[in-house]
Structures are given as C-alpha cells and as structure tokens.
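Colleague: Encoded as structure tokens, here's the structure I'll be asking about.
The values are calculated or read from the model by the stated rules, or taken from the named source; none is laboratory data. Keep in mind that what you see is a predicted model, and the values were worked out from it rather than measured. Note that each Cβ is placed from the backbone with ideal geometry, even for glycine, and that neighbours are counted across all protein chains shown.
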Amino acid sequence: MTKRIHPSLGLPGDVVSYTPNDVIQTPEEKEVAKEPIKVQVPTAEIVNIFAHRQWRAGMLLADLIWSQCIPLQDEIVGEFGAGTGLPSIASAKFGKARFTLSTDYDSPSLISILTKNVKDNVSTDQWQSRIRVIGHTWGKSIGDVEDAFPYSLKADKFDVLLLADCIWDDLSHNWLIKSIVHLLAKNQDSRVYMVSGLHTGREKIIAFIRRMHKAGLKLTQFPQTSRMEQSLWPALEEDESIKQKQELDRLRNDEAICDSPELVMECELAWHEEEENFPTAIETESGAQQRQWHSSQARLSGQRRSFVELERPEERKEAAGVHLRNRWITFMAFSWQ
C-alpha cells in the first residue's frame with residue numbers, strides 16, 4: 001500500500017522541531033545539522049492563506065540553503081509567504097546572506113509569530129541588522145518593503161527571492177508577480193528560487209511559469225551540486241528519460257515552458273512513520289501543553305521523474321490521484337529574460 005504523504009506537518013499552535021538535512025542524491029551519505037530549529041505554526045486566523053501549517057516545501061527550501069545549493073553569501077534576500085520563517089532563518093544562519101527580509105501576509109497575529117520564530121533562532125547581533133520581519137500583502141504597499149531595508153545597505157531591491165508553496169491559488173499569481181517584478185533587482189544574476197508541491201495540481205505551476213514569462217522572468221538552471229560537491233538531483237530512469245525527450249519535443253514551440261521538462265526538478269518525498277504520526281507533548285512557559293513535531297530524517301526519497309505539462313493519468317482525481325500527487329514536489333529557479 002502506498003503511504004499517504006501530507007504536504008504539510010503540524011497544526012495551528014504546534015511546534016515543529018526541524019533539523020536541516022543535506023539534499024543530495026544518496027540518503028545514506030546525507031549530512032545532518034546538529035542543532036534543530038524550533039518554530040511555532042501560526043494560528044488559523046486567516047484560513048484561506050494557509051499559513052497555519054509547516055509546509056514541506058519550506059523545510060526543503062531551508063535544506064537547500066543549509067546544503068549551500070542556493071548561493072546566498074553576501075546577497076540581499078527576501079522571502080514572500082514565509083509562514084513559520086524556516087527559509088528566512090536558514091538564509092541568516094547558514095546562507096551567510098548580507099541581509100534577509102522575511103515577509104508574509106500583513107496580519108498582526110501571523111507577523112507576531114513569524115517575528116518570534118526568527119528572533120528565537122538567530123543571534124542577537126543578527127536580529128534587525130541582518131534579518132528583519134515585516135507584513136507584506138502581495139502587490140500592495142511596495143514602498144513599505146523598500147523602506148524596511150537598512151539604510152546601510154544603500155539598496156531597496158532583492159538579489160534573491162525565496163518562495164515555498166506560494167502558488168497554490170492562481171487568483172493570487174498576478175499580485176505575487178507584481179511584488180516580484182517591483183522588488184527583484186534588475187540584474188543578470190538576480191534569482192527567484194521556488195519549491196512547490198503538486199498537491200494542488202500541475203496546472204497551477206504551469207500557469208505561474210507562463211505568467212512569470214509574460215512579466216519578463218524565465219525558467220533558468222537550478223544549482224546542481226550540494227555543499228558536499230555531490231550531484232544534487234538523481235538521474236532519470238530510462239522510461240522517464242524517454243518521457244522527458246518526448247515532452248521537450250512536444251513543447252519546443254511553446255516559449256514560456258519549452259525548457260520546463262529539463263529545468264523543473266520533480267522529486268519524490270520521503271515518508272517516515274514516526275515523524276508523520278507521533279508528535280511529543282511539551283510544556284510551555286505558562287504551564288500549558290503543546291504538541292511538538294520532530295522532522296530530522298531525509299525529506300527526499302532519491303527518486304526523480306520528468307516534469308510534464310499535463311496531468312499524468314494516475315494523478316487524476318477520478319483515480320484518487322491526489323494521494324500520488326502529494327508524493328512529489330518541484331524545484332525551479334527564475335531569472336530575468
């Protein structure tokens with residue numbers, strides 16, 4: 001029986017103890033960080049933005065930063081839709097970013113928890129000087145984001161933007177892209193790094209890639225090696241390699257997505273029964289009980305398949321395909337055209 005993997009971990013108010021993992025091809029060679037990062041999952045005050053979960057995409061984006069797969073050293077980094085803030089924290093702690101601005105929907109309770117998570121996990125000298133938190137509703141109050149940059153940077157644009165499971169609602173794509181276009185520095189080396197699950201369907205990912213292309217941003221090569229100088233992405237098996245070639249041929253005249261079978265990495269998530277089903281009970285400072293989820297094992301299985309535009313037959317809702325979709329997650333990068 002196929003294990004059912006949920007795209008997120010924890011419930012509102014829970015604590016997630018996340019230990020970074022090296023994202024490399026062979027799980028037995030993965031290097032694991034010694035100290036976990038503990039974050040609280042925000043409350044469900046605004047249910048329809050789904051910030052009240054620790055999404056696996058956020059943990060994997062943080063893994064990529066810890067593995068030094070995403071070059072952040074001395075860069076000005078922003079995260080949109082940060083949720084618990086794991087990628088932002090990783091940017092400041094492990095990525096050696098010059099400055100990181102962690103943002104999410106401008107809700108007082110959400111930003112309060114995000115701020116606490118960041119402050120609890122970075123050093124005192126990093127807080128405010130190297131990393132800050134502000135509320136940002138996509139497409140609005142762009143100037144407030146620019147004003148949040150320290151004066152000493154003499155900059156008000158990001159070199160790198162981080163997105164983890166931010167595109168599930170296609171109605172918000174244009175607002176998100178408006179923020180990206182206005183706040184990403186217009187440089188050849190500027191990048192948007194995105195991790196997105198398939199739980200809401202391929203069409204959302206394809207639609208976002210097309211809209212990004214229309215706005216002047218194209219898919220580009222994602223980094224290929226980890227901090228251990230090993231191949232980051234598993235090789236395709238023969239049948240998937242054939243499928244990739246067929247898809248490249250089929251899409252060759254579609255400028256926006258013609259390279260997507262090669263440039264979008266689609267990898268299988270790993271499943272660990274203990275981590276999925278058995279949180280521990282901890283006591284808060286006030287004496288209340290709180291659940292804590294532990295995530296420390298490999299988050300990818302080591303399997304990869306070709307990214308395709310159209311839904312695979314086994315993924316269709318009629319065949320209960322959502323459970324199969326949940327097993328896969330995508331990695332991609334964008335640059336200016």
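Colleague: Could you tell me how many of the residues in the range 288-337 are among the basic types (Lys, Arg), closer than 30 Å to Asn253 by Cβ and buried (at least 18 other Cβ atoms within 10 Å of the Cβ)?
Modeller: Qualifying residue count, the range 288-337: 3.
Colleague: Okay, moving on. When you scan the range 156-179, do you find a residue that is within 23 Å of Ile134 (Cα to Cα), without any contact (Cβ under 8 Å) to a residue 40 or more places away in the chain, more than 17 Å from the chain's Cα centre (by Cα) and not in a helix (DSSP H, G or I), even just one?
Modeller: Yes, the range 156-179 contains at least one residue that is within 23 Å of Ile134 (Cα to Cα), without any contact (Cβ under 8 Å) to a residue 40 or more places away in the chain, more than 17 Å from the chain's Cα centre (by Cα) and not in a helix (DSSP H, G or I).
Colleague: Report whether or not Leu183 is in contact (Cβ under 8 Å) with a residue 60 or more places away in the chain, crowded, with 19+ Cβ neighbours inside 10 Å and within 17 Å of the chain's Cα centre (by Cα).
Modeller: Spelling it out, it is not the case that Leu183 is in contact (Cβ under 8 Å) with a residue 60 or more places away in the chain, crowded, with 19+ Cβ neighbours inside 10 Å and within 17 Å of the chain's Cα centre (by Cα).
Colleague: OK, next. Would you please name the residue that is surrounded by the most Cβ atoms within 10 Å (Cβ to Cβ), looking only at residues in the range 146-170 that are under 28 Å from Ile329 (Cα atoms) and of a type outside the set (A, V, I, L, M, F, W, C)?
Modeller: That would be Asp165.
Colleague: Can you tell me which of Ser91, Ser102 is assigned to a helix (DSSP H, G or I), at pLDDT 95 or above and buried (at least 24 other Cβ atoms within 10 Å of the Cβ)?
Modeller: Only one candidate passes the filter, namely Ser91.
Colleague: I'd like the full set of residues that are surrounded by 14 or more Cβ atoms within 10 Å (Cβ to Cβ) and of a type in the set (D, E, K, R), limited to the range 127-145.
Modeller: Arg130, Arg132, Asp144 - these are the residues of the range 127-145 that are surrounded by 14 or more Cβ atoms within 10 Å (Cβ to Cβ) and of a type in the set (D, E, K, R).
Yes/no matrix, rows are residues, columns are (1) within 23 Å of the chain's Cα centre (by Cα); (2) among the acidic types (Asp, Glu); (3) assigned to a loop (DSSP other than H, G, I, E, B):
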position: Ile257; (1), (2), (3): yes, no, yes
position: Glu262; (1), (2), (3): yes, yes, no
position: Glu268; (1), (2), (3): yes, yes, no
position: Glu276; (1), (2), (3): yes, yes, no
position: Ser286; (1), (2), (3): no, no, yes
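Colleague: Further, regarding this structure: Considering (1) touching a residue at least 60 places away in the same chain (Cβ under 8 Å); (2) touching an Asp or Glu at 6+ places or on another chain (Cβ under 6 Å), say which one Lys204 fails and leave the rest.
Modeller: That leaves (1) as the condition not met.
Colleague: Restricting the search to the range 229-271, which residues are over 25 Å from Gln188 (Cα atoms), surrounded by 14 or more Cβ atoms within 10 Å (Cβ to Cβ) and of a type in the set (A, V, I, L, M, F, W, C)?
Modeller: Leu236, Leu248, Leu251, Cys267, Leu269, Ala270, Trp271 - these are the residues of the range 229-271 that are over 25 Å from Gln188 (Cα atoms), surrounded by 14 or more Cβ atoms within 10 Å (Cβ to Cβ) and of a type in the set (A, V, I, L, M, F, W, C).
Colleague: Given the conditions (1) buried (at least 21 other Cβ atoms within 10 Å of the Cβ); (2) farther than 17 Å from Gln303 by Cα; (3) at pLDDT below 95, which single one is not true for Gly197?
Modeller: Failing condition for Gly197: (2).
Colleague: Restricting attention to the range 151-171, which residues are modelled with pLDDT of 95 or more and more than 20 Å from Leu61 (Cα to Cα)?
Modeller: Lys157
Colleague: Which one of the conditions (1) in contact with a Lys or Arg (Cβ under 7 Å, 6 or more places away or on another chain); (2) in a loop (DSSP other than H, G, I, E, B); (3) closer than 17 Å to Asp259 by Cβ does Phe222 fail to meet, given that it meets all the rest?
Modeller: Going through the list (1) in contact with a Lys or Arg (Cβ under 7 Å, 6 or more places away or on another chain); (2) in a loop (DSSP other than H, G, I, E, B); (3) closer than 17 Å to Asp259 by Cβ, Phe222 breaks only (1).
Colleague: Please pick out the residue among Leu300, Leu198, Leu219, Leu232 that is closer than 25 Å to Pro71 by Cα and in contact with a helix residue (DSSP H, G or I) (Cβ under 7 Å, 6 or more places away or on another chain).
Modeller: Being closer than 25 Å to Pro71 by Cα and in contact with a helix residue (DSSP H, G or I) (Cβ under 7 Å, 6 or more places away or on another chain) holds for just one of Leu300, Leu198, Leu219, Leu232, which is Leu219.
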